[in-house]
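Okay, structure first, notes after.
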Amino acid sequence: MKHFLPFLIIPILFLCSCTPKKDKGTSIAVSFSDTASAEPLDGRLLLMLSTNDEKEPRFQINPGLDGQLIFGMDVEGMKPGDTKIFDDSVFGFPYNSLSEVPPGAYSVQALLHTYETFNLSTGHTVKLPMDNGEGQQWNKSPGNLYSKPFKITVSDKGIQDIEVVMNQVIPPIEEPEDTKWIKHIKIKSEKLSEFWGRDMYLGAHILLPKGFEEHPEAKYPLMVFHGHFPDDFGGFRTTPPDPDMEPEYSARFDVEGYNIIQQQEAYNFYKRWNEPDFPRFLIIEIQHPTPYYDDSYAVNSANQGPYGDAITYELIPYIEEQFRGMGEGWSRFLYGGSTGGWEALAVQVKYPEEYNGCFAACPDPIDFRAYCLANIYEDKNAYYYESAHKPFEVPGHRDYLGHTDISVKDYNHLELVLGTKSRSGQQWDIWEATYSPQGEDGYPERLWDKMTGDIDHGVAEYWKENYDLRYILERDWDKLGEKLRGKIHIYCGDMDNYYLNNAVYLMEDFLENTSDPYYEGEVDYGDRAEHCWNGDQENPNHISRLRYNSMYVPKIMKRIAESAPKGADLTSWQYQ
């Protein structure tokens, strides 16, 4: 028998090698019911998988180490009962394909981020998500459809025969009510309505000074607190912290009971607001979400329209008329952090005589030679450092010790899943929507290829000429210098999580070398301070970030005393 064994084994091996194997594959069918919508819908269809049951998958999508899985596709005219198939070809994050999802138990959920059609004054027709009072948050935007999560198992053979039906609709958001101290306004902007081809609105929350009703003769300076979409005026509370509130831990600041600290700081500001020596003025927080983001960046833009003009020449004069503002450039001031920091500086630069000073904390990149860690004018690729043999990803986020956890590529690939054509509603896409020229299809031109990171230097030049604030100041200092003298104040932590301090260094180099005139402002840094340090050298970041509305008051009062024109009203609003 020994002589026959090789001949027996060979046919057996041949038969085994010819046995067909079932390939690993994915097929998840997603639809929505007619109870969710009877009409066909356009939008971004998102499929999410999560191994964490603490929250719904839609609330766990982020580029960090604890982020869960998401895949996306564009849909047009999707009708009730129509089925869209998510297979291995659909792009996702952090796995590029469903075929890469490891075996295990997952919660699955689908969501349709709905788009509306805009016929722009430029002649283009675009489809974008309209803000519905939530500040461009795709996972909680009223009118979006979604499914309730349920459990599935991913096996070695992939995912087969799964059907997900979206039968839920995110409900409307109630608007805040007026109080004695805080008023809310909304106006139709003629400038924006013309650009977008439909009625568009701007809103604001206004904090009134003590004695507003008792002093009808008083007219007030105006403080513009720029920042992300505010659902109400924040950081102001007329009562002490809730006694029954359970303390919550802040992982960002490593502080226990931060929710209680926030309420206490808000109450402290209310008390400070009412003290006899506190100057009386108006503070506003603006609502200016666009179809691209939770705010417009407060400047005119090829893709978003004339938000800068609409805010400065429509909204602010309306507020000053309704609430007895001075209505003069010397009496208006700007401050904010992060996006709000960039806005404060950009608005001061773009409208130098309409405002009398800006306090820009941790601003988004103000010199595009340091667009976080990219030099968009010289670098070839935004995702990888240049090397002949060693690909190395550019970091996008760090802590104060320099530990990194997210790359620039991570941020951008997640955005590409959330929306094509700069429609993700996230950070890198809004920079494109604000700074880029309008493309032939009506959407923003890409600064770089969203998949590969290859930079388009033609687009970069457009950014430079129109929105690189350091370059604009240097180019036009002979015209702007005198108008901005004493008005520019910039603050940033030297370990900003997003490397924003790098651009501040470059801006400081320019400002400190200005002449005819010297800029006479201030640039300051927080040692080992993360995002968003705002100039307080005495208190930790988690405290100072809650004090924007009071911390710059001494400098603002000094500026008014030094710069108010002859005959200006310096008394009617300085009552006790």
query = Cross-link partners among lysines for LYS191, C-alpha distance below 19 Å, same-chain residues fewer than 8 apart left out?
reply = LYS350
key: Within region 431-558: Cβ-based charge dipole about Cα centre, in debye rounded to nearest 20 (Lys, Arg +1; Asp, Glu -1)   = 680
request  = Hey, can you grab everything whose amide H is under 5 Å from the amide H of TRP448? Only 5+ residues off in sequence or another chain; H modelled, so Pro and N-termini drop out.
outcome  = ASP456
note = Spelling it out for GLN160: with amide H atoms placed in the peptide plane at 1.01 Å from N, the residues 5 or more places away or on another chain with amide H under 5 Å from its amide H are SER27
inquiry  = Which lysines, if any, have their Cα less than 17 Å from the Cα of LYS390, not counting same-chain residues under 8 positions apart?
reply    = LYS380, LYS409
message = Considering only C-alpha atoms, what is the centroid distance from region 34-50 to region 463-500, in Å?
response = 43
inquiry  = So if each residue of separation counts as 0.36 nm, and I subtract the Cα-Cα distance between ASP476 and GLU440, what length gain in nm does that give?
reply    = 9.9 nm
query = What's the angle, to the nearest 10 degrees (0 to 90), between helix 553-563's Cα axis and the longest principal axis of the chain?
reply = 50
ask   = Any idea what angle helix 5-18 forms with the longest principal axis of the chain, computed on alpha-carbon atoms, 0 to 90 degrees, nearest 10?
value = 40
key: Stretch gain in nm, segment ASP494-GLU246, where the contour uses 0.36 nm per residue and the Cα spacing is subtracted   = 85.9 nm
From phi via Karplus (6.51, -1.76, 1.60), per-residue ³J(HN,Hα) for region 321-331 in Hz, x at Gly/Pro = 5, 6, 10, 6, x, 4, x, 10, x, 5, 9
key: chymotrypsin sites (Phe, Trp or Tyr not before Pro) lying in DSSP loop within region 189-271, provided at most 12 other Cβ fall within 10 Å   = TYR249
query = Only one of the listed values, (1) 1.04; (2) 1.06; (3) 0.97, was derived from the coordinates as Rg/Rh (Cα atoms, Kirkwood Rh); which label is it?
reply = (1)
note = Once ARG198 and GLN264 are pulled to full extension, the length gained, defined as 0.36 nm per residue separation minus their Cα-Cα distance, is 19.5 nm
ASN381 long-range amide H proximity, modeled H, under 5 Å = ILE455
ask   = For the chain, what relative contact order do you get, as a whole percent, if you take Cα pairs closer than 8 Å and at least 6 residues apart?
value = 12
task = May I ask which residue of TYR318, PRO352, TYR307 lies farthest towards the positive end of the charge dipole of region 305-369, with charges of +1 (Lys, Arg) and -1 (Asp, Glu) on Cβ and the Cα centre as origin?
result = PRO352
inquiry  = List the trypsin sites (Lys or Arg not before Pro) within region 539-576 that DSSP assigns to loop and that have no more than 16 neighbouring Cβ atoms inside 10 Å.
reply    = LYS566
inquiry  = Can you order the peptides 216-224, 362-370 by their average number of other Cβ atoms within 10 Å per residue, highest first?
reply    = 362-370, 216-224
Residue-level accessible surface for ASP524, protein heavy atoms, 1.4 Å, Å² = 40
ask   = With each label point set 7 Å from Cα along the Cα-Cβ vector, what nm distance links THR125 and VAL255?
value = 5.1
remark   = Ranking ILE543, ILE284, ILE261 from most to least accessible area with a 1.4 Å probe gives ILE261, ILE543, ILE284
message = For a protection proxy built on the mean count of beta-carbon atoms within 10 angstrom, sort 342-353, 139-150 highest first, please.
response = 342-353, 139-150
key: Restraint check, LYS140/LYS186; LYS483/LYS566; LYS79/LYS450; LYS188/LYS464; LYS84/LYS151; LYS210/LYS555, Cα-Cα greater than 25 Å   = LYS79/LYS450; LYS188/LYS464
note = Asserting the computed 222 nm helical MRE of the chain (DSSP H runs at least 4 long, -39500 (n - 2.57) per run, divided by residue count, to nearest 500) equals -7000 deg cm²/dmol
query = About its Cα centre, what dipole magnitude does the chain give when the only charges are +1 on Lys and Arg Cβ and -1 on Asp and Glu Cβ, stated in debye to the nearest 20?
reply = 820
inquiry  = Give me a comma-separated list of calculated 3J(HN,Hα) values for region 132-144, in order, Karplus coefficients 6.51, -1.76, 1.60 applied at θ = phi - 60°, integers in Hz, x for any Gly or Pro.
reply    = 10, x, 9, x, 6, 10, 4, 7, 9, 7, x, x, 5
task = Provide the per-residue ³J(HN,Hα) series for region 109-116, in order, calculated from phi with Karplus coefficients 6.51, -1.76, 1.60 and θ = phi - 60°, each as a whole number of Hz, with x at glycine and proline positions.
result = 8, 10, 8, 10, 8, 7, 10, 10
inquiry  = Order 331-337, 378-384, 57-63 from most to least packed using the mean count of other Cβ atoms within 10 Å.
reply    = 331-337, 57-63, 378-384
task = For region 254-279 and region 174-241, compute the distance between their C-alpha centroids and round to whole Å.
result = 20
note = For region 169-247, the accessible surface attributable to carbon and sulfur atoms (probe 1.4 angstrom, ligands and nucleic acids excluded) amounts in percent to 50
task = Give the accessible surface of the chain per residue, rounded to a whole number of Å², with probe radius 1.4 Å and ligands, DNA and RNA excluded.
result = 45
key: Principal-axis tilt of helix 339-350 within the chain, Cα atoms, nearest 10 degrees   = 50
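The values are calculated or read from the model by the stated rules, or taken from the named source; none is laboratory data. The shown structure was predicted, so the numbers you read here are calculated from the model rather than taken from an experiment. So basically every Cβ, Gly included, is an ideal-geometry build from the backbone, and we count neighbours across all protein chains shown. Accessible surface areas use protein heavy atoms only, side chains included; no ligands, DNA or RNA. Shrake-Rupley method; radii C 1.70, N 1.55, O 1.52, S 1.80 Å.
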